[in-house]
Amino acid sequence: MSWLTDPAGEFADLTRAEQGVTLFVVAFAIYLLFGLLRGTLDPTYFMFLLGLASMYALLSLGLNSQWGFTGLINFSVAAFFGIGAYGTALMTASSSPIAGGFNPIVGLVVALVVAAVIAVAIGIPTLRLRADYLAIASLGLAEVIRRIVLNEQGLTNGSAGVRGIPSFFEGWPVLATFPQSMPETTIDPVPGGSVTVAEPVFGIGFTVGQEIVLRTPFWRALLNVSLVFVFLGVSYGVLRRVHRSPWGRVLRTIRADEDLARALGKDTYSFKMQSFVLGSLVMALAGVFYAHLNLYVSPGDLDPITTFYVWVAVILGGSGSNRGALFGGFVVVAIREGTRFLNQISLSLDLGATEVVFSFEGLGGPMRLLLIGLIIVVLMRFRPEGLLPPQRELIWPGTVDEVPEGPDVGVREARGGSDE
Amino acid sequence: MRDRHEGANMGKENVVLRVENLEKRFGGLVATDDASFEVERGTITGLIGPNGAGKSTIFNLISGFYEPDGGRVEVNGIDVTGRKPYEVADAGLIRTFQTPRKLEGMTVREAMLVGPREQPGESFVKLFTDPEGVASAESANLAEAQRILEEFEIDHLATQPATDISGGQMKLVELARAMLADPEILLLDEPVAGVNPTLRNDLAEQIRRLNEQGTTFCIIEHDMEFVMKLADPVVVLNQGNVLMEGPPEAVQSDERVIDAYLGGDA
Amino acid sequence: MPLLEYLANGLIFSSIIVLGSIGLSLVYSIADFANFAHGDTMTIGAYTALLTFGAVGGLGGAVLGLPYGFFVALLAGIAVAALVAVVTERIVYKPMDVGSIGMLITSIGIAFIYRAIIQLRFGADFTRYDVQTLRPIEWLVQYDIRITEHDVAIVLSAAILVTGLHLLLQYTDLGRKMRAMADNPELARVSGIRTERVKLWTWVIGAGLAGSGGVFLGLFNQLRPRMGFSLLLLIFAAVILGGIGSVYGAMLGGFLIGMIHELMPILTDYGIPIGTEYAEAVVFVIMVVVLLVRPNGIMGEAT
């Protein structure tokens with residue numbers, strides 16, 4: 001915990017990429033905080049963003065444990081996300097065509113069980129395949145699942161989707177009514193008024209310190225964020241434990257050289273299956289959260305583009321690095337929501353007689369696609385290991401001294417040096 | 001040519017690896033044709049032959065990477081024909097590869113630790129139900145890995161990234177790691193290909209030392225000098241079939257072997 | 001008896017799939033990666049034709065209900081698709097050293113970039129070529145076949161292109177080298193074939209054929225930025241069915257996949273409750289089964 005006592009020293013010990021990421025995260029946090037204080041960023045929307053980012057982080061963790069550790073090219077992320085979402089929705093929603101009205105906990109359990117069963121069913125044929133065939137086959141099977149969700153109206157309501165999903169805490173003591181029972185709370189960062197830092201000329205000046213009023217939607221969002229943080233925390237904890245172990249070591253060996261793992265007596269098919277199911281469960285967990293956040297699910301939620309968002313997050317963060325996956329998840333949401341704003345921007349320039357209007361209406365979608373595409377290509381071309389490549393040895397904690405830190409020795413140094 | 005194939009000496013005592021009438025075809029091409037030989041416990045058996053003689057195919061058939069079209073493979077008296085590689089490894093046979101692939105993102109000792117078989121920490125469930133057991137096994141394996149690295153005199157590499165060491169060092173690490181799997185018999189696929197002369201001697205010394213400590217070896221190698229110095233007996237393969245077997249001197253002076261090598265590429 | 005009509009539709013759809021699958025198969029083998037941008041290369045062909053046709057107009061006469069100008073547009077679509085693929089290969093794929101899996105992932109990024117650029121210019125909605133919609137050919141209607149002259153044009157053009165490729169592969173030096181390399185890239189390299197040149201022509205031919213397939217897909221259905229990516233998995237299925245690296249396998253695979261896709265209504269006609277909405281799903285399942293039991297394709301050796 002020397003970050004508290006000697007932040008400058010700790011910062012200097014980081015690799016350059018880590019420093020960059022740290023600075024970016026700090027700057028972004030300040031920017032958001034500033035937005036909150038100025039009143040331009042609605043605290044409820046902020047909470048929504050936080051929840052969404054955590055959801056993507058969950059998906060990235062799931063994919064990371066498949067691709068990052070084991071080298072499984074799974075292009076069916078969206079399908080498992082959808083299975084999680086539909087699994088809980090069909091159990092709990094009032095409009096469910098099969099079995100609505102159950103407690104969301106039941107929904108959670110059913111969703112995870114279904115996801116595990118389908119993961120095994122998909123894994124049995126595909127995990128025997130060559131890596132690139134797995135990519136094609138998993139994309140194909142994900143599409144089969146999407147078609148089923150879209151067309152089997154008796155089972156899923158088809159294209160109409162499932163409405164009337166309760167919040168996750170419905171039926172719980174206290175938490176069920178928490179958002180309504182919380183009083184309207186006013187936060188006044190600058191007591192007795194606001195501070196105008198500069199005159200708002202040319203739109204550059206700004207004022208901070210307006211009152212922020214927190215109402216029921218905020219408390220509901222806060223509850224959702226707490227839920228996803230619990231999901232995220234549990235998943236992260238479990239994954240970290242299993243990855244820094246002989247088990248995780250075998251996975252990484254399979255990724256690097258599957259034949260070697262086989263020659264050393266590892267039943268690689270079994271390890272791949274375990275890794276595939278584990279990752280799919282984490283993805284389904286993200287889907288469960290989404291269903292109870294959005295309170296509505298539709299076949300559009302299984303669109304393959306979600307799969308590729310998550311891929312970008314994992315590659316960006318660094319394949320095999322769980323903290324990288326968290327970071328990547330947040331960046332992807334920044335891209336998603338950032339490009340959404342493009343649709344609302346229009347610039348008008350008054351050039352004397354003629355007025356020129358630039359409108360970005362409708363460009364959000366393609367710009368997002370372009371950005372995602374460019375990030376993939378640039379990363380693969382110049383930094384295929386991602387921004388925060390894994391640095392810890394996969395050795396059970398406590399049995400070996402932590403890698404010594406310092407300029408002369410250690411994996412950290414040698415691995416981090418690759419960005420020079 | 002075929003009538004001149006006298007084959008290997010069968011009927012040895014205390015056999016670790018027995019290969020009988022092994023066959024493999026790829027499409028119309030016969031890669032292994034009725035190959036039989038035995039590896040006696042405690043020996044270093046060399047497997048040589050001209051290019052295309054089917055050496056690598058036989059290794060892949062024995063270790064379970066290819067499925068044979070006919071014949072039988074026995075390790076320690078257990079029939080492992082057509083079994084999966086991990087099942088063959090469980091029977092006590094470990095193999096290395098001609099070109100070791102670099103284990104990206106792993107340190108040398110991490111890569112070493114993949115070697116030990118049946119680690120409790122490789123069970124997902126035990127990571128949660130028996131963390132103490134996992135930890136003690138891990139400590140023991142780590143100490144063993146360190147010990148073997150020291151014996152190989154490469155313990156200074158332990159925390160180096162596995163991608164940063166030389167090809168020759170990687171071969172040493174491979175051999176060291178294979179020893180962690182505690183094999184009855186170790187199949188080495190061209191252990192000194194692309195290795196500089198100094199490391200080559202190191203490898204030969206290590207193999208001899210391990211053999212004296214009780215490990216049986218079966219080695220494919222192109223470097224004749226290396227094989228003839230180390231191995232006894234030497235089995236000669238030609239056109240997917242065992243041409244002869246004998247001590248190195250006998251093999252070197254055998255006319256059929258010389259013919260096979262001279263005519264091998266024709 | 002709608003069977004004849006299904007078969008006719010199958011033939012038309014097959015023509016488009018075949019044009020896509022040949023290039024994907026060649027590139028898969030010779031450049032050694034699954035090119036996920038191949039579908040969007042088809043989209044490029046289609047939109048280039050749309051632009052070109054808009055610019056040159058009808059140019060007087062017409063063949064099979066298609067103005068001369070449309071054929072100019074077709075050539076432009078082929079040329080631009082080939083050009084874009086070659087430029088991409090030179091500035092992106094060639095300098096990369098990330099293995100075939102890394103290339104696969106990169107090609108997804110490329111696919112998104114192609115599609116995004118098209119969408120920025122044309123929007124996400126459906127469009128059509130400005131050619132007159134035709135009625136079905138009358139004398140065929142009595143046999144319950146409803147196809148237009150445009151459909152005939154698609155099949156004929158595809159046949160001409162495929163025949164041209166066949167002649168190239170069989171009777172030219174380049175073609176022989178290309179087959180040798182697709183068959184066994186390693187062997188071709190050691191036998192002294194100038195692989196760089198063959199590789200370049202592979203991209204040109206593969207992407208050019210894909211471009212033409214895209215133009216026809218736009219004529220058969222409509223144009224939409226997602227059209228190529230949506231078709232990609234069907235094309236992969238065709239390539240896998242025919243065996244990766246085999247040009248003639250890709251043709252056969254494309255033909256079968258197109259037929260299966262269009263013959264789906266037969267199932268419901270015979271009381272099997274799998275509707276046409278599952279046509280693609282059925283194809284994907286077939287693809288996975290082929291991968292499992294005959295990973296070298298129906299024409300390759302069983303392993």
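Report the residue count in the range C:96-118 for those that are at the interface with chain A (Cβ under 7 Å from one of its Cβ atoms) and part of a loop (DSSP other than H, G, I, E, B). Counting residues in the range C:96-118 that are at the interface with chain A (Cβ under 7 Å from one of its Cβ atoms) and part of a loop (DSSP other than H, G, I, E, B) gives 2.
With the structure loaded, tell me whether residue A:118 is assigned to a helix (DSSP H, G or I), within 23 Å of the chain's Cα centre (by Cα), more than 7 Å from chain C (Cβ to nearest Cβ) and not polar (S, T, N, Q) or whether it fails that test. Yes: the conditions hold for residue A:118. Considering the range B:103-122, the residues that are more than 7 Å from chain A (Cβ to nearest Cβ) and outside any helix (DSSP H, G or I) include one that is farthest from residue B:181 (Cα to Cα), namely B:118.
Looking at the range A:256-269, which of the residues that are at pLDDT 90 or above and assigned to a helix (DSSP H, G or I) is farthest from the other protein chains (Cβ to nearest Cβ)? Taking the candidates together, the pick is A:258.
Could you look through the range A:270-295, keep only residues that are polar (S, T, N, Q) and surrounded by fewer than 24 Cβ atoms within 10 Å (Cβ to Cβ), and pick out the one that is nearest to the other protein chains (Cβ to nearest Cβ)? Result: A:274.
Evaluating residue B:127 against the criteria (1) within 21 Å of residue A:251 (Cα to Cα); (2) surrounded by fewer than 19 Cβ atoms within 10 Å (Cβ to Cβ); (3) free of Cβ contacts under 8 Å to residues at least 24 places away in the same chain leaves one unmet condition, (2). Among the candidates B:20, B:38, the residue that is farther than 15 Å from residue B:218 by Cβ and in contact with a strand residue (DSSP E or B) (Cβ under 8 Å, 6 or more places away or on another chain) is uniquely B:20. Return the residues of the range B:130-146 that are more than 9 Å from every other protein chain (Cβ to nearest Cβ) and surrounded by 17 or more Cβ atoms within 10 Å (Cβ to Cβ); say none if nothing qualifies. Scanning the range B:130-146 gives B:144, B:145.
Confirm whether residue C:151 is of a type in the set (D, E, K, R) and on the phi > 0 side of the Ramachandran plot. Criteria not met by residue C:151. The set of residues in the range C:185-225 being free of Cβ contacts under 8 Å to residues at least 60 places away in the same chain and closer than 27 Å to residue C:151 by Cα consists of C:221 alone. All of B:78, B:48, B:58, B:94 fail the test of being touching a His at 6+ places or on another chain (Cβ under 9 Å) and not acidic (Asp, Glu), apart from B:48.
For the range A:127-184, filtered to residues that are of a type in the set (A, V, I, L, M) and outside any helix (DSSP H, G or I), the residue that is nearest to the other protein chains (Cβ to nearest Cβ) is A:129.
Taking the condition in contact (Cβ under 8 Å) with a residue 60 or more places away in the chain and under 22 Å from residue C:49 (Cα atoms), does residue C:182 pass? Considered against the rule, which asks whether it is in contact (Cβ under 8 Å) with a residue 60 or more places away in the chain and under 22 Å from residue C:49 (Cα atoms), residue C:182 comes out as no. Looking at B:63, B:56, just one residue is under 14 Å from residue B:186 (Cα atoms), assigned by TED's automatic domain parsing to the domain that holds residue B:246 and at pLDDT 85 or above, and that residue is B:63. Of all residues in the range A:86-107, those satisfying the criterion of being of a type in the set (A, V, I, L, M, F, W, C) and surrounded by fewer than 24 Cβ atoms within 10 Å (Cβ to Cβ) are A:98, A:99, A:102, A:105, A:106. For residues that are of a type in the set (Gly, Ala, Ser) and closer than 11 Å to residue A:303 by Cα, tally how many sit in the range A:134-148. Residues in the range A:134-148 being of a type in the set (Gly, Ala, Ser) and closer than 11 Å to residue A:303 by Cα: 1 in total.
Counted as qualifying within the range B:22-86 are no strands (runs of 3 or more DSSP E), as none has 3 or more residues that are over 24 Å from residue A:254 (Cα atoms), within 14 Å of another protein chain (Cβ to nearest Cβ) and among the basic types (Lys, Arg). Being in contact (Cβ under 8 Å) with a residue 12 or more places away in the chain, assigned to a loop (DSSP other than H, G, I, E, B) and surrounded by fewer than 20 Cβ atoms within 10 Å (Cβ to Cβ) is a property that residue B:153 has. All of (1) farther than 27 Å from residue A:368 by Cα; (2) touching a residue at least 60 places away in the same chain (Cβ under 8 Å); (3) polar (S, T, N, Q) hold for residue C:107 with one exception: (1).
Going residue by residue through the range C:240-250, is there one that turns out to be surrounded by 16 or more Cβ atoms within 10 Å (Cβ to Cβ), at pLDDT 90 or above, within 18 Å of residue C:10 (Cβ to Cβ) and of a type in the set (Val, Ile, Thr)? There is no residue in the range C:240-250 that is surrounded by 16 or more Cβ atoms within 10 Å (Cβ to Cβ), at pLDDT 90 or above, within 18 Å of residue C:10 (Cβ to Cβ) and of a type in the set (Val, Ile, Thr). The set of residues from the range C:163-173 being surrounded by 15 or more Cβ atoms within 10 Å (Cβ to Cβ) and free of Cβ contacts under 8 Å to residues at least 60 places away in the same chain comprises just one member, C:168. Name, by its number, the condition in (1) at pLDDT 85 or above; (2) crowded, with 17+ Cβ neighbours inside 10 Å; (3) facing chain C (nearest Cβ under 7 Å) that does not hold for residue A:363. The number of the failed condition is (1). Residues of the range A:21-75 that are in a helix (DSSP H, G or I), among the aromatic types (Phe, Trp, Tyr) and in contact (Cβ under 8 Å) with a residue 60 or more places away in the chain: A:28, A:34, A:48, A:56, A:67, A:69.
No other residue among C:238, C:250, C:210, C:279 is within 14 Å of chain A (Cβ to nearest Cβ), out of contact with any Pro (no Cβ under 6 Å at 6 or more places or on another chain), in a helix (DSSP H, G or I) and under 16 Å from residue C:162 (Cβ atoms) apart from C:238. Scoring residue C:123 on the criteria (1) on the phi < 0 side of the Ramachandran plot; (2) facing chain A (nearest Cβ under 7 Å) leaves a single failure, condition (1).
The values are calculated or read from the model by the stated rules, or taken from the named source; none is laboratory data. Since this is a predicted model, take the numbers as computed values, not measurements. Neighbour counts run over all protein chains shown; Cβ positions are idealised from the backbone, glycine included.
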